[in-house]
Amino acid sequence: MELKKTRTIILDKGNVEEKREEIRSYFHKTYDIDEMLYKTLRADSTFYLRADPLRHPLVFYLGHTATFYINKLILAKALTTRINPQFESMFAIGVDEMSWDDLNEAHYNWPTIEEVRQYRNKVREVVDNLISTLPLTFPINWDNPFWVIMMGIEHERIHLETSSVLIRQLPIEEVKEIDFWDICMNTGPAPENILLDVEGGKVALGKSFDHPLYGWDNEYGYTETTLKPFKAAKYLVSNQEFLQFVEENGYHEKKCWTEEGWSWVNYQKSEFPRFWLKKDGKFYLRTMAKIIEMPWNWPVEINYLEAKAFCNWKSVKTGKNLRLPTEEEWNHLRNLAKVEDQPYWEKAPGNINLEHYCSPCPVDEFRFADFYDVVGNVWQWTESPIYGFKGFKVHPCYDDFSTPTFDGRHNLIKGGSWISTGNEATLDSRYAFRRHFYQHAGFRYVESDNPVILHDDHYEDDPEVAVECERLYGEIKPEKGYYPVEIAGFCANLTKNKARMLHLGCSAGRTSFELARYFNFVNGLDFSARFIKNAIRMQEKGNIHYMLKDEGELVTFHERFLSDFGLEETTAKVEFFQTDPANMKEFFKDYDLILADDIIDRIYNPRRFLESIHQRLNDDGILVITSSYDWDENKTAKENWLGGYKEAGDNVSSADGLERLLSTKFEKMPYKQVMKSIIKVSSYKDIIKHLQVTVWKKK
């Protein structure tokens, strides 16, 4: 079965059974090529090495791509049973080094590689069976269960690339060459780079929701820009062109670097690009599994900070206003080159999709009209931090794919690399990484007077998230009470032990900060990245922005500051994590108090959660549950409801269900309390939730 040269699938038409088999083939090829990547590791012990201190060891990614299928298919209700809850928690999150991404190795007791491989085989069987049995109708869109299978496939193809970068950073003695990953042998002197004219024009970005190819949420929506003419480098910057920056001490010239870049270069003590090696005064290049003499005509591979420093240095040297292209400028250049989209190629037009080499190649090998490597070879850094287009919305099964990156600190890379396959190689793909991050990425510079628009102060316009921000940080009239303050004070009075507490359902963070007034340490956990990103922003920047519906099409804009509530001193005592409350990692334990904050009726398996929650409390620990018991089959299957149904003709309340589940491990405390939570939907509409508060002491 040919593993290279596969293409993403056209999803809006075809024969049902043929499409089913096409997706099955795409799934197995993706699984196989992912495992082929790990054959470059010399031993199982290599999986446990940290190639990058800001990333997990490769054992995580071996398990992560498999658990992703199960976790997302359960969310989509295409599956109802887990294979291995421990693995599906341990390997769940860790794609990017977000501020809530836990990288403390003391928290992980990694399984053996054989155990992970056996798990992967079980996942393969489950997904294959689903491909055979799930209903398939056209078009395959966001609401179709096959979309989630495509999500798992395209996610695994992303990690094919990101894991290859980690392998490239391992000690060379820990990897080995295999024929499958054969590199380009064409090397030599690089051509002289020159600037060429690019005509101006309108650039439209974004695609519609009826697009025939799979896409990630950030690709959808619309924005339009008119560009003035500009100039762009004919070639990607080669190793040879970058060498002059190195030889002229660019890594030691503060004036070349942004403030962020200068901090990074001093921390790293960098003298030249990470994948360059120097021995006896001669430069070599580290490819994924081999060290070769420096191919000077290949593109340099660096992070954004280095690319930006080079542009600043070359601007001074040439007297030109040089910088990286914006997303709009890169797309305009691609449009002018009339690049066809991936599934419709006869053959890849550049060094992309594994159709030519398993490494970069000379910068003058693949021509696109007047320019070279418009797509492919290596990714191209841009000046543009990623943001959501007008009309952006998250997919309910993967709300943390894009939204955590809308923070002004993740810059877009465009064009794909030699190992970019599937969605990564499509024209509308939008991927962004931290500016210090290494990918198979280089750059092309431009001379341009077009403005660089930064979308850093984005006003949260997701209606559900904005309403939640207002609930927690808005102006609440005193006579209505204020739930975050009230519940925090209530919890504080329940125990003298205030060392550690766990706040489940932390949402945008306000209640966690209030709890930290009383407790020495608070873990704030939430399932949704859409909500928790605002908690992180409030913790790191001290403010959030959001807009609320006023009336009709009118909206109001709000900015809230943590200092307005006198909570600045609490931020150091709070640590936020995105996680599944019904399947938490093992290290969330040893708490004096746990607050399950209005989540019982919103998680898919509250019974499992309640049956094991005692294991996370210290002796005599306290569990506080608040809920309005608003059961919804779209969130929790009816067989997992705690109450709200009849049994043998009798009414079963949620309070009854709680007592049944908790009475063996907990003593119910004599508190009878209802608290109000005010939800402001618009200027003239409030919703009042009445939350029953129950308190349980561990036996």
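Give the Rg (one decimal place) followed by the Dmax (whole number) of the stretch 189-238, computed from C-alpha coordinates and expressed in Å.
Rg then Dmax for the stretch 189-238, in Å: 16.3, 46.
Can you list the residues, at least 5 places off or on another chain, whose amide H is less than 5 Å from the amide H of Leu79, using H built in the peptide plane?
Ile74
Counting only helical runs of four or more DSSP H residues, what would the 222 nm mean residue ellipticity of the chain come to if each run contributes -39,500 (n - 2.57) and the total is spread over all its residues?
So the helix-based figure for the chain works out to -8500 deg cm²/dmol.
Assuming 0.36 nm per residue, please report the length gained on full extension of the stretch Gln268 to Asn543 beyond their Cα-Cα distance.
Gain on stretching Gln268 to Asn543: 95.9 nm.
Nearest 10 degrees, 0 to 90: what angle lies between the long axis of helix 529-541 and the longest principal axis of the chain (Cα atoms)?
Roughly 80 degrees between the two axes.
So how many Å³ per residue does the convex hull of the Cα atoms of the stretch 16-181 work out to?
It is 120 Å³ per residue.
Leaving out same-chain residues fewer than 8 places away, which lysines sit with a Cα under 21 Å from that of Lys699?
Lys496, Lys498, Lys589, Lys665, Lys668, Lys672
For helix 145-168, what angle does its Cα long axis make with the longest principal axis of the chain, in degrees from 0 to 90 and rounded to 10?
Between helix and principal axis, roughly 60 degrees.
How many angstrom separate the Cα center of the stretch 564-579 from the Cα center of the stretch 352-378?
Centre-to-centre (Cα) distance: 47 Å.
In degrees between 0 and 90, to the nearest 10, how far off the longest principal axis of the chain does helix 58-75 point, with axes built from Cα atoms?
50
Whole Å is fine, so just give me how far the alpha carbon centre of the stretch 145-181 lies from that of the stretch 652-690.
First find each Cα centre; the distance between them is then 45 Å.
Whole angstrom only: what separates the Cα centroid of the stretch 229-253 from the Cα centroid of the stretch 113-139?
The stretch 229-253 and the stretch 113-139 have Cα centres separated by 46 Å.
Can you give me the long-range amide H partners of Tyr645? Hydrogens built in the peptide plane at 1.01 Å from N, cutoff under 5 Å, separation of 5 or more residues or another chain.
Result for Tyr645 returns Val652.
Name the GluC sites (Glu not before Pro) in the stretch 546-609 that are in a loop by DSSP and that have at most 10 other C-beta atoms within 10 Å, would you?
Hits after loop and neighbour filter: Glu553.
For Asn186 and Asp143, what is the calculated FRET efficiency with R₀ set at 41 Å and r taken between the beta-carbons, to the nearest 0.05?
Step by step, r from the Cβ atoms, then E = 0.30.
I'd like the Karplus ³J(HN,Hα) series for the stretch 448-453: coefficients 6.51, -1.76, 1.60, θ = phi - 60°, whole numbers in Hz, and an x wherever there's a Gly or Pro.
Per residue, the Karplus-derived 3J(HN,Hα) values read 8, 9, 5, x, 9, 8 Hz.
Have a look at the chain and give its Rg and Dmax from the Cα atoms, expressed in angstrom.
Taking only Cα atoms of the chain, I get Rg and Dmax of 26.6, 86 Å.
What base-10 log of the normalised intensity I(q)/I(0) is obtained for the stretch 463-698 from the Debye formula, alpha carbons as equal point scatterers, at q = 0.09, 0.14, 0.17 Å⁻¹?
Result of the Debye calculation: -0.37, -0.91, -1.33.
Just the isolated ones, please: cysteines in the chain lacking another cysteine beta carbon under 4.7 angstrom.
Cys256, Cys311, Cys358, Cys397, Cys469, Cys491, Cys506
If you keep only loop residues by DSSP, which trypsin sites (Lys or Arg not before Pro) in the stretch 613-654 have at most 16 other Cβ atoms within 10 Å of their Cβ?
Here the sparse-neighbourhood loop sites are Lys635.
In whole Å, what are the Cα extents of the stretch 204-269 along the three principal axes, biggest one first?
51, 30, 22
With +1 assigned to the C-beta of every Lys and Arg and -1 to the C-beta of every Asp and Glu, and no other charges, what is the dipole magnitude of the chain about the Cα centre in debye, to the nearest 20?
That gives the chain a dipole magnitude of about 1060 debye.
Could you sort the peptides 156-163, 660-667, 541-548, 132-139 by per-residue average Cβ neighbour count (10 Å cutoff), highest mean leading?
Packing order, densest peptide first, comes out as 156-163, 541-548, 660-667, 132-139.
Since every read-out is calculated from the coordinates, none of them should be taken as a lab result. In this text, all values refer to a predicted model and were calculated from it rather than measured experimentally. Please note: Cβ atoms are built from the backbone with ideal geometry, for glycine as well, and neighbour counts cover all protein chains shown.
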